[in-house]
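Right, one structure below, let's go through it.
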Amino acid sequence: MKILAIADASPTQSLKSLVEKNKVELICTLGDLNFFDLRELSEITEIPKIGVYGNHDSGKYFESLGILNLHLKTFEYKGFIFGGFEGCVRYKSSPEAIMCSQEEAEELLKNFPRVDVMITHCPPYGINDEPEDLAHQGFLALRKYLETKKPKYLLHGHTFPKPGKMVEQFGETKIVFVWREKIVELTK
């Protein structure tokens with residue numbers, strides 16, 4: 001199944017064109033986008049759209065664009081179970097920012113079921129993150145989730161892995177870093 005994943009910056013191409021040209025069957029948004037980055041999604045109604053918010057999002061545009069908020073929820077489609085986790089590690093005190101502490105993330109994910117595809121904004125700790133920079137540190141709870149639940153895929157944005165240091169596999173999980181737009185082919 002081909003999906004279109006979008007994260008952290010305005011797409012460089014028409015989303016409708018990407019969907020049609022690549023025969024995309026599902027759209028995933030991974031955060032730090034806004035209504036205007038994604039407004040074209042309101043015209044795409046024949047395939048599902050799922051997503052999680054990032055730390056710089058308003059947290060208020062999914063419904064108007066027909067996107068299912070997947071934070072701490074699951075969604076089954078074409079034989080795949082998707083799950084989601086929003087935001088990033090809390091690095092500042094701001095009631096509007098979508099962030100949580102490492103401890104809060106641990107609590108939120110402790111009973112989350114196994115999924116085939118986990119979509120997140122922030123990566124797991126030690127995987128394409130910057131552990132010494134709190135704003136770009138990954139979630140310990142997501143790493144534990146990968147170690148115990150072993151989803152087949154994890155898609156994330158938020159960070160900027162250094163060339164040659166990008167982690168693309170962790171145990172049984174394929175790690176997919178997304179910036180702007182990326183076509184991802186999921187296989188069973």
Handout entry: Hey, M166 without any contact (Cβ under 8 Å) to a residue 60 or more places away in the chain, within 27 Å of S58 (Cβ to Cβ) and not β-branched (V, I, T) or not
Key = no
Problem - First in segment 88-111 and free of Cβ contacts under 8 Å to residues at least 24 places away in the same chain, second anywhere and among the basic types (K, R) and surrounded by 15 or more Cβ atoms within 10 Å (Cβ to Cβ), Cβ under 8 Å, 6 or more apart - result: C100/R90; S101/R90; E104/R90
Practice task
Answer yes or no as to whether E103 is closer than 25 Å to L68 by Cβ and acidic (D, E).
Solution key: no
Handout entry: Residue within segment 55-69 that is open to solvent by less than 50 Å² (accessible area, probe 1.4 Å), charged (D, E, K, R), farther than 24 Å from D116 by Cα and touching a residue at least 40 places away in the same chain (Cβ under 8 Å) present
Key = yes
Handout entry: Qualifying residue in segment 29-49 (condition: closer than 26 Å to I127 by Cα, within 13 Å of the chain's Cα centre (by Cα), among the aliphatic types (A, V, I, L, M) and surrounded by fewer than 20 Cβ atoms within 10 Å (Cβ to Cβ))
Key = no
Exercise for the section: Considering (1) open to solvent by less than 40 Å² (accessible area, probe 1.4 Å); (2) touching a helix residue (DSSP H, G or I) at 6+ places or on another chain (Cβ under 9 Å), say which one R114 fails and leave the rest. Expected result: (1)
Problem - Search result, residues across segment 138-188 that are open to solvent by less than 30 Å² (accessible area, probe 1.4 Å), farther than 28 Å from Q13 by Cα and assigned to a strand (DSSP E or B) - result: F139, T173
Practice task
Can you give me the number of residues within segment 1-21 that are touching a Lys or Arg at 6+ places or on another chain (Cβ under 9 Å), open to solvent by 50 Å² or more (accessible area, probe 1.4 Å) and not in a loop (DSSP other than H, G, I, E, B)?
Solution key: 1
Exercise for the section: Return yes when D133 is of a type in the set (D, E) and open to solvent by less than 30 Å² (accessible area, probe 1.4 Å) and no when it is not. Expected result: no
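The values are calculated or read from the model by the stated rules, or taken from the named source; none is laboratory data. Note that the structure is a prediction, hence the values are computed from the model and not measured. Ideal geometry is used to build each Cβ from the backbone, glycine not excepted, and the neighbour counts take in all protein chains shown. Note: areas computed on protein heavy atoms with side chains; ligands, DNA, RNA excluded. Shrake-Rupley method; radii C 1.70, N 1.55, O 1.52, S 1.80 Å.
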